[in-house]
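Q: There's a structure below that I have some questions on.
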Amino acid sequence: MTLLTLKQQFKTELADQYENIELSSLLSILFEHITGWNQINQVVNKDENLTQSNVDAFQNALTALKEGRPIQYITGKAWFMGNELMVNENVLIPRPETEELVDWVTEYATIIDKPLQIMDIGTGSGCIAISLKLALPNCMVAGLDISEDALEVAKENAKQLNAEISWMQENILDTTYLPNKFDIIVSNPPYIPFKENVNMQVQVKNFEPSIALFVTNEDPLIFYRTIARLGKQYLNPNGQLFFEMHYDQGKALLALFDEMGYHAELRMDMFGKDRMLRASLKARA
Ligand SMILES: C[S@@+](CC[C@H](N)C(=O)[O-])C[C@H]1O[C@@H](n2cnc3c(N)ncnc32)[C@H](O)[C@@H]1O
């Protein structure tokens, strides 16, 4: 069997599930993962006979893709801020909008130009914590998650990318203690109300960890409120909170932070949706 025949088979069998452009880029990633051939070599070698183990790997991948498994969980890799990260089903696949959050924090920290203490709450693959440490090597960065399995992935990623980070396993909703004070607390917490599950893509709701995605319908802002409460005790003077958020929670979040004694501002993502929030404590009268 050749790459060309496999490509045709994948395109036919996955046509209902993916747009043509998305499918082409997905196949190129998958083909490189299995054969080790980059895009040019995939064209040059398209009529080469593949080994049986490669053909088996392709057929397993095709079954997985038809079930809706995200390509990143098949290859075990995802890209974030120009770095390749290891991912598995214990961690959320890092998203491009989260790169924009990292950019915002980096912009802020660069202006302050001091060795800051930064905490990433709900670190998952470690994408935010690791990217910040790499962009701001003089800062001290810590990452916290409730999931031991997620922290295993984050630690491995930090090791591969030579990022020195302190890791903590904690349930932030139960924690009243953090090991020190921070200049920046950043978080991309779970924020999707369970009721939205019905409209979500199979790839997300059936494969990504629900603990990373969902919050109760009754209290969807619980992580923001909890972290804002902790911020009162654990932010250094002029400390900042940075969050990723659901695009339609902006108004509710501004009200929540105002009520809790913070100035807050929203920032839009590249698609023009409110997706990030920054907050700092109001000066006491
Ligand atoms: C939306 S994911 C974000 C992962 C990663 N920071 C990113 O941006 O891709 C939320 C993360 O919060 C963690 N989490 C969920 N509940 C938590 C809790 N009660 N305490 C601490 N972490 C929690 C999940 O395990 C998950 O890794």
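Q: Just wondering, is there one or more residues in the range 132-146 that are exposed (fewer than 15 other Cβ atoms within 10 Å of the Cβ) and either within 13 Å of the ligand (Cβ to nearest atom) or charged (D, E, K, R) (or both)? Working first, answer last.
A: Kept after step one, since they are exposed (fewer than 15 other Cβ atoms within 10 Å of the Cβ), are these residues of the range 132-146: 137-138.
Narrowing further to those that are either within 13 Å of the ligand (Cβ to nearest atom) or charged (D, E, K, R) (or both): none.
Taking every residue of the range 132-146 in turn, none turns out to be exposed (fewer than 15 other Cβ atoms within 10 Å of the Cβ) and either within 13 Å of the ligand (Cβ to nearest atom) or charged (D, E, K, R) (or both).
Q: Follow-up question, since we're still on this one. Across the range 202-226, which residue is nearest to the ligand (Cβ to nearest atom) among those that are outside any helix (DSSP H, G or I) and free of Cβ contacts under 8 Å to residues at least 12 places away in the same chain? Please lay out each step first, then the result.
A: In the first step, residues of the range 202-226 are kept if they are outside any helix (DSSP H, G or I); the result is 206-209, 214-221.
Next, from what is left, pick out any that are free of Cβ contacts under 8 Å to residues at least 12 places away in the same chain: 218-219.
On the way: Glu218: 16, Asp219: 13 Å.
The extreme case among them is Asp219.
Q: Which condition from (1) assigned to a loop (DSSP other than H, G, I, E, B); (2) within 16 Å of the ligand (Cβ to nearest atom) is the one that Leu277 breaks?
A: Tallying (1) assigned to a loop (DSSP other than H, G, I, E, B); (2) within 16 Å of the ligand (Cβ to nearest atom), Leu277 fails exactly one: (1).
Q: Next question, about the same structure. Only one of Thr123, Thr110, Thr106 is without any contact (Cβ under 8 Å) to a residue 60 or more places away in the chain and part of a loop (DSSP other than H, G, I, E, B). Can you tell me which?
A: Values: Thr110 fails: part of a loop (DSSP other than H, G, I, E, B); Thr106 fails: part of a loop (DSSP other than H, G, I, E, B).
After applying the criteria, what remains is Thr123.
Q: For the range 214-248, what are the residues that are in contact with a Phe, Trp or Tyr (Cβ under 8 Å, 6 or more places away or on another chain), among the polar types (S, T, N, Q) and surrounded by fewer than 22 Cβ atoms within 10 Å (Cβ to Cβ)?
A: Once the filter is applied, which keeps residues that are in contact with a Phe, Trp or Tyr (Cβ under 8 Å, 6 or more places away or on another chain), among the polar types (S, T, N, Q) and surrounded by fewer than 22 Cβ atoms within 10 Å (Cβ to Cβ), the range 214-248 yields Thr216, Asn217, Asn236.
Q: Right, something else. Restricting the range 147-156 to residues that are touching a residue at least 60 places away in the same chain (Cβ under 8 Å) and either crowded, with 18+ Cβ neighbours inside 10 Å or over 17 Å from the mean Cα position of the chain (by Cα) (or both), which is farthest from Pro237 (Cα to Cα)?
A: Checked the range 147-156; the qualifying residue farthest from Pro237 (Cα to Cα) is Val153.
Q: Check the range 75-98 and report whether any residue there is part of a helix (DSSP H, G or I) and of a type in the set (A, V, I, L, M, F, W, C). Reasoning before the result, please.
A: Within the range 75-98, the first condition is being part of a helix (DSSP H, G or I), and the residues that meet it are 75, 96-98.
If we keep only those that are of a type in the set (A, V, I, L, M, F, W, C) too, we end up with none.
Scanning the range 75-98 turns up no residue that is part of a helix (DSSP H, G or I) and of a type in the set (A, V, I, L, M, F, W, C).
Q: Sticking with this structure for a sec: Just for the range 183-209: of the residues that are out of contact with any strand residue (DSSP E or B) (no Cβ under 8 Å at 6 or more places or on another chain) and of a type in the set (D, E, K, R), which one is modelled with the lowest pLDDT? Show your work before the answer.
A: Restricting attention to the range 183-209, the residues satisfying the condition of being out of contact with any strand residue (DSSP E or B) (no Cβ under 8 Å at 6 or more places or on another chain) are 195-196, 198-199, 201-209.
Going one step further and asking which of them are of a type in the set (D, E, K, R), we end up with 195-196, 205, 208.
Values: Lys195: 95, Glu196: 95, Lys205: 91, Glu208: 96.
Among them, the one singled out is Lys205.
Q: A further question follows. Looking at (1) more than 13 Å from the ligand (Cβ to nearest atom); (2) surrounded by 18 or more Cβ atoms within 10 Å (Cβ to Cβ); (3) among the polar types (S, T, N, Q), which is the one condition that is false for Thr110?
A: For Thr110, the failing item is (2).
Q: Which is among the small types (Gly, Ala, Ser) and away from the ligand (no atom under 16 Å from the Cβ), of Gly126, Gly68, Gly82?
A: Details: Gly126 fails: away from the ligand (no atom under 16 Å from the Cβ); Gly82 fails: away from the ligand (no atom under 16 Å from the Cβ).
Unique residue meeting the criteria: Gly68.
Q: Taking the condition of being more than 11 Å from the ligand (Cβ to nearest atom), of a type outside the set (S, T, N, Q), in a loop (DSSP other than H, G, I, E, B) and under 30 Å from Thr110 (Cβ atoms), how many residues in the range 178-201 meet it?
A: Residues meeting the conditions: 3.
Q: In the range 34-77, what residues are among the polar types (S, T, N, Q) and touching a residue at least 24 places away in the same chain (Cβ under 8 Å)?
A: Here is the first cut: in the range 34-77, the ones among the polar types (S, T, N, Q) are 35, 38-39, 41-42, 45, 49, 51-54, 59-60, 63, 72, 75.
If the condition is that a residue be among the polar types (S, T, N, Q) and touching a residue at least 24 places away in the same chain (Cβ under 8 Å), then Thr35, Gln42, Asn45, Asn49, Thr75 are the ones that fit.
Q: If you don't mind, another one. Within the range 138-177, how many residues are in contact with a Phe, Trp or Tyr (Cβ under 9 Å, 6 or more places away or on another chain), under 18 Å from Leu92 (Cα atoms) and in a strand (DSSP E or B)?
A: Summing the residues that are in contact with a Phe, Trp or Tyr (Cβ under 9 Å, 6 or more places away or on another chain), under 18 Å from Leu92 (Cα atoms) and in a strand (DSSP E or B) in the range 138-177 gives 3.
The values are calculated or read from the model by the stated rules, or taken from the named source; none is laboratory data. These numbers come from a predicted model, not from an experiment. Because the Cβ atoms are built from the backbone with ideal geometry, glycine has one as well, and the counts that use them run over all protein chains shown.
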